[in-house]
Amino acid sequence: MDGFARLLDTFFNAEVAARYWPEILAGVWITIGVGIAVTVTGLTIGLGLAILRAKQWAWLAVPIVAFADIMRALPPLIVIIVFFFAFPLIGISMSAFTATWLSLSLVLAAYAEESLWGAILSLPRGQSEAARSTGLTWWQTMSAVILPQALRLALPPLTNRVIAVSKNVALGSVVALSEVLNNAQSATSTAGNPTPLTMAAAAYLAIFIPAMVLARRMENRMQWRV
Amino acid sequence: MSASPLLELVGLRKAYGSLEVLRGVDLTVHAGEMVCVVGPSGSGKSSMLRCCNRLEEPTGGRIVVKGADITGAGVDINAVRQKIGMVFQQFNLYPHLTALGNVTLALRKVQGKSAAEAGALGLAALKRVGLADKAQVYPGQLSGGQQQRVAIARAIVLQPKLMLFDEPTSALDPETVGEVLKAMRELRDSGMTMLVVTHEMGFAREAADRVIFMDGGAIVEQGPPHEIFGAPKHERTRAFLTRYTSWA
């Protein structure tokens, strides 16, 4: 067997692929599900924190900044491990799904809060002054004038971060979440052949390339007016 | 002039820390009057104007609108602000909304008007400033003068009793200043009460009922334009006007 045939046999083994694709596919659904759940909760929490921070109450700004800094400084893997392995010791147990979803949501929330807060700060002060001068309340000004512009400004960093954090669903493999990578790894050891890893790679491309295309389209569509 | 003034500033003070920008301003504006405020940069003109709808919180004194003190704690400032329109130096149009969207936002959000009703009122306001054909255009596609006229429409659509103008032509290209001043003149002719901070001495001289000269956070002198520009009583007014008219 020459080198190329060996490469095919090792990483692109059709027989192994045929045997293990249902497990990879099952992992794909988990990855997509957790990814979407993380995106929804992470962005919602991040948006909420940015709005609260815009209230400029010092007692609230300090914990928000601390949260954002800590969550951005820690490797997400450590956050997942703490939730899954350390929290049961103080009586809080959770499934691998919950631990992964919660950890990544908080990490995404921290980044989203920082991006949105930066965008809110970058808007000219005259925007809210104009709105307030016509009798809009603080909240009406925030929701109708500030946030629509801030979300547009923050869209590129947000979509980047959503993709980066969703990809980290793979870290759930350390707590035995049966997502793509975890299933591929167990299939690889059972089969004694790394073809399932190749399949996992293909699955990631199949999930995230369309996500990136979608993100780029959203950015382009949001840009033309301003 | 009728008995009770529309706007009365009584001993108005504003300080940022130890920096006093308003040192006791007393000013009365009657209904239908157009008052222009002139003075050097840093004289407190804009701060005074911005206190009138409490975009700046005064640190002392009273602001009385139609007989009611609006500086008290129990005042619904959002209700008051709907009766006091404001036009800014930098226009401050909302870039994500069309001209009509800018004009109708407060009608819809604050007054709860339907889209159709707000749209009709908004179009009428845009028509008054000569921009009915730009209703669906975004601010980024309008010239500075057009943007400022949309900003005027955004304020007058709420049918305010008083309009505040904060250097409305200072950020404009010279060729578009005229169209904004024309819109302001028409507003004045319709009977609107206006308090205008401006560097347009020609406009103040020709359009104002009264001119206020401010310096150092206080009103130095005030009177009809022909007196202030023709025969100023104070040395500081004279010095300012000489400086301004020599290169204006």
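Tabulated data
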read-out: Filtered residues of the range A:131-189 (kept if assigned to a loop (DSSP other than H, G, I, E, B), open to solvent by 40 Å² or more (accessible area, probe 1.4 Å) and among the β-branched types (V, I, T)); value: A:T137
read-out: Breaking point among (1) away from chain A (no Cβ under 11 Å); (2) among the charged types (D, E, K, R); (3) open to solvent by less than 30 Å² (accessible area, probe 1.4 Å), for B:D166; value: (1)
read-out: Subset tally (residues that are over 14 Å from B:V220 (Cα atoms), part of a strand (DSSP E or B) and under 17 Å from the mean Cα position of the chain (by Cα)) for the range B:5-27; value: 3
read-out: The range B:35-55 - residue that is touching a helix residue (DSSP H, G or I) at 6+ places or on another chain (Cβ under 9 Å) and open to solvent by 10 Å² or more (accessible area, probe 1.4 Å) and, of those, nearest to B:G202 (Cα to Cα); value: B:P40
read-out: Those residues of the range A:118-139 which are of a type in the set (A, V, I, L, M, F, W, C) and touching a helix residue (DSSP H, G or I) at 6+ places or on another chain (Cβ under 7 Å), in sequence order; value: A:A119, A:I120, A:L123, A:A131, A:L136
read-out: Restricting the range B:169-187 to residues that are assigned to a loop (DSSP other than H, G, I, E, B) and over 12 Å from B:T198 (Cα atoms), the residue that is least open to solvent (accessible area, probe 1.4 Å); value: B:L172
read-out: Long-range neighbours under 8 Å by Cβ, at least six apart or interchain, first residue in contact (Cβ under 8 Å) with a residue 40 or more places away in the chain and more than 18 Å from B:D173 (Cβ to Cβ) within the range B:125-144, second part of a loop (DSSP other than H, G, I, E, B) and open to solvent by 70 Å² or more (accessible area, probe 1.4 Å); value: B:Y138/A:R225; B:Y138/A:V226
read-out: Residue within the range B:56-66 that is within 16 Å of B:A151 (Cα to Cα), in contact with a helix residue (DSSP H, G or I) (Cβ under 9 Å, 6 or more places away or on another chain) and surrounded by fewer than 23 Cβ atoms within 10 Å (Cβ to Cβ) present; value: no
read-out: Verdict on A:S122 being within 14 Å of another protein chain (Cβ to nearest Cβ), farther than 17 Å from A:N168 by Cα and open to solvent by 20 Å² or more (accessible area, probe 1.4 Å); value: yes
read-out: So A:T100, is it within 14 Å of another protein chain (Cβ to nearest Cβ), in a helix (DSSP H, G or I), buried (at least 19 other Cβ atoms within 10 Å of the Cβ) and of a type outside the set (D, E); value: no
read-out: Every residue from the range B:57-92 that is within 10 Å of chain A (Cβ to nearest Cβ), under 18 Å from the mean Cα position of the chain (by Cα) and either more than 29 Å from A:P148 (Cα to Cα) or assigned to a loop (DSSP other than H, G, I, E, B) (or both); value: B:K83, B:F88, B:Q89, B:Q90, B:F91, B:N92
read-out: First in the range B:176-189 and more than 14 Å from B:A204 (Cα to Cα), second anywhere and open to solvent by less than 80 Å² (accessible area, probe 1.4 Å), Cβ under 6 Å, 6 or more apart; value: B:T176/B:S143; B:T176/B:G144; B:T176/B:G145; B:E179/B:G145; B:A183/B:V129; B:A183/B:R149; B:A183/B:I152
read-out: Boolean, A:L177 is touching a Lys or Arg at 6+ places or on another chain (Cβ under 7 Å), among the hydrophobic types (A, V, I, L, M, F, W, C) and more than 14 Å from chain B (Cβ to nearest Cβ); value: no
read-out: Breaking point among (1) in a loop (DSSP other than H, G, I, E, B); (2) within 14 Å of chain A (Cβ to nearest Cβ); (3) under 15 Å from B:D166 (Cβ atoms), for B:S43; value: (2)
read-out: Unique residue being over 16 Å from the mean Cα position of the chain (by Cα), open to solvent by 20 Å² or more (accessible area, probe 1.4 Å) and at pLDDT 95 or above when the list is B:P139, B:P95; value: B:P95
read-out: Among residues of the range B:98-118, those that are of a type in the set (A, V, I, L, M, F, W, C), more than 8 Å from chain A (Cβ to nearest Cβ) and open to solvent by less than 40 Å² (accessible area, probe 1.4 Å), counted; value: 5
read-out: Test: A:I80 is open to solvent by 50 Å² or more (accessible area, probe 1.4 Å), at pLDDT 95 or above and either under 21 Å from A:A164 (Cα atoms) or under 16 Å from the mean Cα position of the chain (by Cα) (or both); value: no
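For (1) in contact (Cβ under 8 Å) with a residue 40 or more places away in the chain; (2) among the small types (G, A, S), each residue gets a yes or a no:
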position	(1), (2)
A:I80	yes, no
A:F84	yes, no
A:I90	no, no
A:S93	no, yes
A:A96	yes, yes
A:P124	no, no
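The values are calculated or read from the model by the stated rules, or taken from the named source; none is laboratory data. Bear in mind the structure is a predicted one, so any value in this text is a computation, not a measurement. Cβ atoms come from the backbone with ideal geometry, glycine included; neighbour counts cover every protein chain shown. The accessibility values were calculated without ligands, DNA or RNA, using every heavy atom of the protein model including side chains. Shrake-Rupley method; radii C 1.70, N 1.55, O 1.52, S 1.80 Å.
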